[in-house]
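Let me begin by presenting the structure, written as structure tokens, before commenting on it.
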Amino acid sequence: MYRIFLVEDDRALALELKKQLEQYGNEARIVSDFRAVTEEFREYEPHLALMDIMLPYQNGYYWTAELRKFTSVPIVFLSSASDGMNLVMAVNMGGDDFIAKPVEPMVLNAKVQAVLRRAYEMNGAAQTLTFHGASLDLNDGSVSCGGGRVELTKNEFRILRTLLENRGKIVSRDALMLRLWNDDCYVEENTLTVNVTRLRKKLETLGMTDVIITKPGSGYIIP
């Protein structure tokens, strides 16, 4: 499930876009303060941003330039002015694609999915999951944060990856145990507790505390 950040000041349109994106299995959040787009982007850590051009305070080109100072996350522009000049400007400012308004649901989904595939699936590109200012490398199973880096064991990696793929949701102990039993090798329930404890300690060495939260009787969650 991909997280998509909506920077659109037409509330009715933003809600409709959110609904459409979630119908195709994504998660979406609408910006709440158009003076703090970068701050909300950093907090949400999305996989893709949908950026309107005409916005309050600063336009979409400005915010795209600001985002490009620290992220390469795909940005798709939205605008009712679908002329060639806006398209060229959007690309030059760091945009990855352009969707004209009024937005057709099938076009929205097709373009969003195409950009996500290019960014996260094709040719092994961008094989990381980001969280709390850190990144999990899906190729070598390491976590990097603030210049530091730790190596994870196979089980620690599986636990962290599962929690991140379900970020914001409680993952039951049973679900995590199933991931640890991937090799048809029986794992005792205590093994899960031990691995979560070790994983937490490794994250703490990177300055990351209270990342994995225990929900008694339910499981674990990374908010």
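The values are calculated or read from the model by the stated rules, or taken from the named source; none is laboratory data. Since the model is a prediction, treat every value here as computed from it, not as a measurement. Cβ placement follows ideal geometry from the backbone for every residue including glycine, while neighbour counts extend to all protein chains displayed.
Side notes on the structure shown:
- The one condition from (1) in the same structural domain as residue 205 (by TED's automatic domain parsing); (2) within 22 Å of residue 17 (Cα to Cα); (3) hydroxyl-bearing (Ser, Thr, Tyr) that residue 135 does not meet is (2).
- Every listed requirement among (1) assigned to a helix (DSSP H, G or I); (2) modelled with pLDDT of 85 or more; (3) of a type in the set (A, V, I, L, M, F, W, C) is met by residue 103 save one, (1).
- Some residue of segment 57-65 being buried (at least 16 other Cβ atoms within 10 Å of the Cβ), in contact (Cβ under 8 Å) with a residue 40 or more places away in the chain and within 17 Å of the chain's Cα centre (by Cα): no
- Condition check for residue 71: out of contact with any strand residue (DSSP E or B) (no Cβ under 8 Å at 6 or more places or on another chain) and surrounded by 16 or more Cβ atoms within 10 Å (Cβ to Cβ): yes
- Only one entry of 77, 98 meets the criterion of being touching a helix residue (DSSP H, G or I) at 6+ places or on another chain (Cβ under 8 Å), over 23 Å from residue 167 (Cβ atoms), at pLDDT 85 or above and hydrophobic (A, V, I, L, M, F, W, C), and that entry is 77.
- Residue match in segment 123-138 (condition: modelled with pLDDT under 80, farther than 30 Å from residue 193 by Cβ and part of a helix (DSSP H, G or I)): yes
- Residue in segment 143-152 that is charged (D, E, K, R), modelled with pLDDT of 80 or more and not assigned by TED's automatic domain parsing to the domain that holds residue 63 present: yes
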